[in-house]
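Just so it is clear, none of the values below were taken in a lab; they were calculated from the coordinates. Keep in mind that this is a model prediction, so the values were computed, not measured. Backbone-built Cβ (ideal geometry, glycine too); neighbour counts: all protein chains shown.
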């Protein structure tokens with residue numbers, strides 16, 4: 001099949017999550033480039049399985065698709081509210097953290113205004129052709145293949161649900177990852193016992209949702225984690241400054257071994273539970289146990305799920321206490337694994353795997369400007385969205401840095417500054433001033 005009329009696009013995006021959707025919106029605002037974005041799903045939905053009633057984003061509403069780069073854009077969350085006659089409602093709400101389901105609706109509203117966003121199309125292969133890239137796209141519904149040429153590519157497929165290898169074989173309608181929770185919630189209401197595994201925000205939100213409905217469902221409810229406790233995520237104002245371009249600058253220039261050491265100690269900067277969720281859970285537990293009531297609820301930290309055995313219509317769980325190393329077993333009809341997400345490995349780049357530079361852990365090497373490092377220098381680039389945690393630090397998956405990263409990408413596509421990128425954004429510094437270092441040597 002011939003190339004799509006040999007037209008050369010300026011950029012093609014693969015995957016339409018919040019980051020590439022933001023890139024599409026920002027490109028639409030500039031209006032000077034030909035771009036296309038492809039997503040194999042039929043429509044935009046952000047973590048559909050976790051759109052639990054009452055849950056909110058863990059970042060302020062300014063972390064929408066574009067505000068942190070251009071508050072005057074028509075694609076801001078505030079403009080979404082004004083368009084839907086909700087601006088006064090939000091004004092009186094006096095909250096920075098918005099409902100997750102409304103954030104999803106906002107993103108769908110933006111996607112519906114962008115002709116460059118095409119859903120129901122799966123990217124199957126990307127191949128370098130001289131200074132360009134050939135992108136093979138298949139229509140999910142018809143099976144027809146389309147071929148495109150582009151100068152740049154933005155890979156925005158992000159992360160996928162992660163399950164420990166020793167538990168993967170046990171996945172079933174009754175043993176699920178947390179990302180499937182809302183899809184199967186009706187089944188859970190018929191259970192005699194439910195066990196939630198994990199100590200992150202997703203596990204906490206699921207536990208709280210099940211806790212609210214436990215009396216009606218009459219199920220036993222367990223929450224186990226191998227972490228040392230059900231601890232809150234760091235959310236102090238100076239702690240939040242780690243999610244800034246300034247910290248990225250500091251982190252990026254560190255040797256790989258120092259990056260790994262830092263990341264291993266920063267879990268609670270981005271993996272813990274929000275203080276509000278912990279408070280809501282505790283308040284509800286207090287209420288449920290008032291007047292001597294003892295509902296079947298068990299919370300236990302420092303516990304690792306070692307195995308699952310299907311037995312007589314239920315599951316026998318083998319668990320180990322991480323400190324005492326004591327083993328014990330219990331039965332549970334359903335198991336929900338809040339075991340997080342891992343970077344997706346793009347199958348469509350297999351054609352280029354010998355061209356890509358990999359680190360010692362078989363991960364992408366991503367340059368400071370979010371360019372994928374390759375063995376030959378190219379004028380045109382492949383940009384990585386939310387696949388650079390190991391090179392750029394903990395801010396990679398943070399919604400608040402999405403507009404900044406997109407600004408960096410767009411400025412490269414244009415070859416000049418379209419969106420202003422500020423150098424100093426926080427009060428603190430992450431390394432000593434050069435003049436101090438010189439003084440110390442003297």
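Would you calculate, for the chain, the mean residue ellipticity at 222 nm contributed by helices, counting each DSSP H stretch of 4 or more residues as -39,500 (n - 2.57) and dividing by all residues, to the nearest 500?
-7500 deg cm²/dmol
Report the FRET efficiency, 1/(1 + (r/R0)^6), for residue 118 and residue 304, where r is their Cβ-Cβ distance and R0 is 41 Å, rounded to 0.05.
0.40
For each of 182, 26, count neighbouring Cβ atoms within 10 Å of the residue's Cβ, then give the residues from fewest to most.
182, 26
Would you mind pulling out the separation of the Cα centroids of the range 233-286 and the range 136-151, in Å?
After rounding, the separation between the Cα centres reads 40 Å.
Treating the angle as unsigned and between 0 and 90°, give the value, to the nearest 10°, between the Cα long axis of helix 18-30 and the longest Cα principal axis of the chain.
The angle comes out at about 30 degrees.
Taking other Cβ within 10 Å of each residue's Cβ, how do 116, 429 sort, fewest first?
Lowest to highest Cβ neighbour count: 429, 116.
I need the shape label for the chain. Rule: rounded when a/c is under 1.5, else prolate if a/b > b/c, else oblate, with a, b, c from the alpha carbon gyration tensor.
prolate
When 100, 226 are ordered from fewest to most other Cβ atoms inside 10 Å of their Cβ, what list results?
226, 100
How much FRET efficiency would the formula 1/(1 + (r/R0)^6) give for residue 279 and residue 368, where r is the Cβ-Cβ distance and R0 is 41 Å, rounded to 0.05?
Step by step, r from the Cβ atoms, then E = 0.55.
For residue 91 and residue 34, FRET efficiency with R0 = 45 Å and r from the beta-carbon atoms, rounded to 0.05?
0.70
How high is the relative contact order of the range 220-333, given as a whole-number percent (alpha carbon pairs under 8 Å, six or more residues apart)?
Value for the range 220-333: 32 percent.
Return the distance in nm (one decimal) between the two label points of a simple spin-label model at residue 355 and residue 84, each offset 7 Å from Cα along Cα→Cβ.
4.1 nm
To the nearest 10 degrees, how steep is helix 402-414 against the longest Cα principal axis of the chain, on a 0 to 90 scale?
For helix 402-414, the angle is close to 20 degrees.
At 7 Å along Cα-to-Cβ for each site, give me the label-to-label distance between residue 228 and residue 134 in nm.
Between residue 228 and residue 134, the simple spin-label model gives 5.5 nm.
Is the shape of the range 42-189 best called rounded, prolate or oblate, per the rule: a/c under 1.5 gives rounded, else a/b larger than b/c gives prolate, else oblate, with a ≥ b ≥ c the square roots of the Cα gyration tensor eigenvalues?
Oblate.
Under the definition of Cα pairs under 8 Å and six or more residues apart, what whole-number percent is the relative contact order of the chain?
Worked out over the chain, it gives 21 percent.
Tell me the label-point distance for the pair residue 311, residue 6, using the 7 Å Cα-to-Cβ offset, in nm and rounded to one decimal.
Simple spin-label model gives 7.0 nm for this pair.
Could you give the angle, 0 to 90 degrees to the nearest 10, between helix 100-111's Cα long axis and the longest principal axis of the Cα atoms of the chain?
Computed tilt is about 20 degrees.
Given 0.36 nm per residue, what is the gain on full extension from residue 264 to residue 326 after removing their alpha carbon distance, in nm?
Separation in residues times 0.36 nm, less the Cα-Cα distance, equals 19.7 nm.
By the gyration tensor of its Cα atoms, with a ≥ b ≥ c the square roots of the eigenvalues, what is the shape of the range 240-287: rounded for a/c under 1.5, prolate for a/b over b/c, or oblate?
oblate
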